[in-house]
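The values are calculated or read from the model by the stated rules, or taken from the named source; none is laboratory data. This structure is a prediction, so every number in the text was calculated from the model and none was measured. Note that we place each Cβ from the backbone using ideal geometry, even for glycine, and neighbour counts take in every protein chain shown.
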Amino acid sequence: MGSAELLSEIVEYSRSNERVLIASAFDGSGKLDKLVLPLDASAQSQCVESPTFKQLLDLAHEMTERRRPTIIAEITWTDGSLRKAALELIRPKPSIIVYGAGHVGRAVAMLGAMLGYDVTVFDDREFFARRDKLPDERIKIVVAPFEQALEHVNISGSTAIVIVTRGHQYDEVCLRLAAPSPAAYIGMIGSRRRVIGVFDRLTGAGIDRSLLERVHAPIGLSIGARSPQEIGVAIIAQIIQTLNGG
């Protein structure tokens, strides 16, 4: 794969918010070969067709768990030769999607923007989802029914979804949309009793229970947070912990 072709492929995956693994290795004649493996969508199908891609996918999971963006590893190349390859893991810019522009949602959004995340806030109430309440211009504000939220965002393996709406019926709508997504983090506010009720209704409606088991609910790290701002810190800390493989 030539440099121009490689760059074009990386840019294409970046635009689609996919994580990518790049493998670089020299062949016996000294020629540098490169492989690009997308990790969020088509990786599994490629692994079925190629033992090389299966090995690369396993190494990508290991790199993610160990929080190592680059490693050197010996792999079997696509031509069957054994090569020492440099592997580089490229992730999309982390993003946070906040469902609910109340006090907690706004605290999460402001903290996320300050930390450099791409932040989008959804609410169906224009009074809450407006610029004077979310003054950081880096925050994207969308006023729309929660059912339409996914029409406005791209969700990747570097996305965190925060569900902090004003009522369990809206939490349920948002979680139904979020659960099957490739988001790295999904968190929902609410008491344990309220969370169990939402989970039970969603499984009764056909949502696979295993999709709900990864949801952080109640949301946030247990740090004794009380105010909306403190709860926002607890949520952001949990997002950082999850996205960084902690």
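Taking the condition closer than 19 Å to GLY112 by Cα, assigned to a helix (DSSP H, G or I), without any contact (Cβ under 8 Å) to a residue 40 or more places away in the chain and not assigned by TED's automatic domain parsing to the domain that holds ARG66, does ALA225 pass? No. Within this structure, LEU39 fails the test of being modelled with pLDDT of 70 or more and under 12 Å from GLU88 (Cα atoms). Would the stretch 181-190 turn up any residue that is surrounded by 12 or more Cβ atoms within 10 Å (Cβ to Cβ), in a helix (DSSP H, G or I) and in the same structural domain as HIS103 (by TED's automatic domain parsing)? Scanning the stretch 181-190, I find no residue that is surrounded by 12 or more Cβ atoms within 10 Å (Cβ to Cβ), in a helix (DSSP H, G or I) and in the same structural domain as HIS103 (by TED's automatic domain parsing), so the answer is no.
Taking the stretch 112-154 as the range and being part of a loop (DSSP other than H, G, I, E, B) and under 14 Å from CYS174 (Cα atoms) as the test, the residues that pass are ASP124, ALA144, PRO145, VAL153. Filtered by the rule that a residue be exposed (fewer than 15 other Cβ atoms within 10 Å of the Cβ) and either touching a Phe, Trp or Tyr at 6+ places or on another chain (Cβ under 7 Å) or among the hydroxyl-bearing types (Ser, Thr, Tyr) (or both), the stretch 55-75 gives a lone residue, THR70. Looking only at residues in the stretch 77-109 that are surrounded by fewer than 13 Cβ atoms within 10 Å (Cβ to Cβ) and either in a strand (DSSP E or B) or of a type in the set (D, E, K, R) (or both), the one that is modelled with the lowest pLDDT is LYS93.
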